[in-house]
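Shown next, in structure tokens, is the structure this report addresses.
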Amino acid sequence: METGLAGKRVLVTGATGGIGGEIVAAFAAEGARVGVHHRSDPPRAQELATRYGGVALAADLTVESEVDGLVAAAVESLGGLEILVANAGKYPTPAAPVWELDPARWRATVAANLDATFLLCRAFLRHVVTTGVGTIVLVGSTAARFGEADHADYAAAKAGLTGLALSLKNEIVRIAPAGRINVVAPGWTATDRNADRLTDPAFVRARTATMALDKLGRPADVAAATVVLASDRLSGHVTGETVTIAGGMEGRLLR
């Protein structure tokens, strides 16, 4: 199916991770040019940029000036910018209940997952003011819907993306009449970071016990949904929505 994304300029943050890399590949496959953001992995970012005809861009997304510079660099190097995919985030470790949670960790988690997304959206929308065109896809988490014991900081930060998106859907149309913002919310996804545990049947069984589909999600599943939501041709009348990519996950045991 034709997505209409050929020639579009896309900035993907957190592009060197498993999900981010698949998002870059998916947009490139549709003929888009991609800004491949990283914070501290220049070799991987450059590898992806070279493979998919994009550009590698570095920034610490918790630093306001660097976020503003990132969007400006994407506009300059890509020759414009129509789509933002805010994928970057941080999953905190170790597990800790709220009564043991250090306020410093709470602030760091919120900064990496919610504050950074606010700064990105603000910088991108300041560009949209000058063009009248813009689409945003935020990468959230099922933790925002179901919570996650011992990671309340992460769940709270990801839940904040929902309120941000619902507010921005009403604001973006003031500067871009067809502008849209949506959220994809992955559940437990099999990435290279967890490769050593994916061969353990008990580990996989525990992760899929709340899912209708008896399998783990893949980064490509998240990337495909992101492309669909970014496409005006496929999702031009969809805005302010959260699409869950989690195999029918529920807040209860299904098997």
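None of L254, L161, L168 is open to solvent by 10 Å² or more (accessible area, probe 1.4 Å), in contact with a helix residue (DSSP H, G or I) (Cβ under 9 Å, 6 or more places away or on another chain) and either outside any loop (DSSP other than H, G, I, E, B) or at pLDDT 95 or above (or both) except L168. Of all residues in the stretch 32-42, at least one satisfies being open to solvent by less than 30 Å² (accessible area, probe 1.4 Å) and farther than 14 Å from L70 by Cα. Scanning the stretch 57-68 for residues that are touching a strand residue (DSSP E or B) at 6+ places or on another chain (Cβ under 9 Å) and open to solvent by less than 50 Å² (accessible area, probe 1.4 Å), which turns out nearest to A224 (Cα to Cα)? Across the stretch 57-68, the extreme among qualifying residues is L57.
Looking for something without any contact (Cβ under 8 Å) to a residue 40 or more places away in the chain, more than 19 Å from the chain's Cα centre (by Cα) and not in a loop (DSSP other than H, G, I, E, B) - is there at least one such residue anywhere in the stretch 172-193? For the stretch 172-193, residues without any contact (Cβ under 8 Å) to a residue 40 or more places away in the chain, more than 19 Å from the chain's Cα centre (by Cα) and not in a loop (DSSP other than H, G, I, E, B): present. Identify all residues within the stretch 15-34 that are under 14 Å from the mean Cα position of the chain (by Cα) and free of Cβ contacts under 8 Å to residues at least 60 places away in the same chain; write none if there are none. Those that are under 14 Å from the mean Cα position of the chain (by Cα) and free of Cβ contacts under 8 Å to residues at least 60 places away in the same chain: T16, V24. Residues of the stretch 135-164 that are in contact with a Leu (Cβ under 7 Å, 6 or more places away or on another chain) and closer than 22 Å to A74 by Cα: I136, V137, L138. Looking only at residues of the stretch 132-154 that are under 17 Å from R207 (Cα atoms) and more than 15 Å from the chain's Cα centre (by Cα), we find that the one that is most open to solvent (accessible area, probe 1.4 Å) is R145.
In the stretch 228-249, the qualifying residues are those that are open to solvent by 20 Å² or more (accessible area, probe 1.4 Å), not aliphatic (A, V, I, L, M) and not in a loop (DSSP other than H, G, I, E, B), and the one that is farthest from K158 (Cα to Cα) is R233. Where strands (runs of 3 or more DSSP E) fall entirely within the stretch 1-118, those with at least 1 residues that are charged (D, E, K, R) are at 9-12, 33-38. Of all the numbered requirements in (1) touching a strand residue (DSSP E or B) at 6+ places or on another chain (Cβ under 9 Å); (2) not in a loop (DSSP other than H, G, I, E, B), R126 misses one, and that requirement is (1). When the stretch 92-131 is limited to residues that are in contact with a helix residue (DSSP H, G or I) (Cβ under 6 Å, 6 or more places away or on another chain) and open to solvent by 60 Å² or more (accessible area, probe 1.4 Å), the one that is farthest from N182 (Cα to Cα) turns out to be V98. Quick one: is A144 assigned to a helix (DSSP H, G or I), farther than 20 Å from D221 by Cα, touching a helix residue (DSSP H, G or I) at 6+ places or on another chain (Cβ under 8 Å) and not charged (D, E, K, R)? Answer is no for this residue. Taking the numbered list (1) free of Cβ contacts under 8 Å to residues at least 24 places away in the same chain; (2) in contact with a Leu (Cβ under 8 Å, 6 or more places away or on another chain); (3) not aliphatic (A, V, I, L, M) in turn, E64 passes all entries but (1). A search for C-beta distances below 6 Å between a residue of the stretch 113-127 that is farther than 13 Å from D60 by Cβ and among the hydrophobic types (A, V, I, L, M, F, W, C) and any residue that is open to solvent by less than 40 Å² (accessible area, probe 1.4 Å) and assigned to a helix (DSSP H, G or I), counting only pairs 6+ apart in sequence or on different chains, returns L114/A157; L114/G160; A123/V67; A123/V71; F124/V71. The set of residues in the stretch 193-207 being touching a helix residue (DSSP H, G or I) at 6+ places or on another chain (Cβ under 8 Å) and within 20 Å of Y154 (Cβ to Cβ) consists of R193, R197, F203.
The values are calculated or read from the model by the stated rules, or taken from the named source; none is laboratory data. For clarity, every value in this text was computed on a predicted model and none was experimentally measured. Here the Cβ is made from the backbone with ideal geometry for all residues, glycine too, and neighbour counts use every protein chain on show. Side chains included, ligands, DNA and RNA excluded: accessible areas come from the protein's heavy atoms. Shrake-Rupley method; radii C 1.70, N 1.55, O 1.52, S 1.80 Å.
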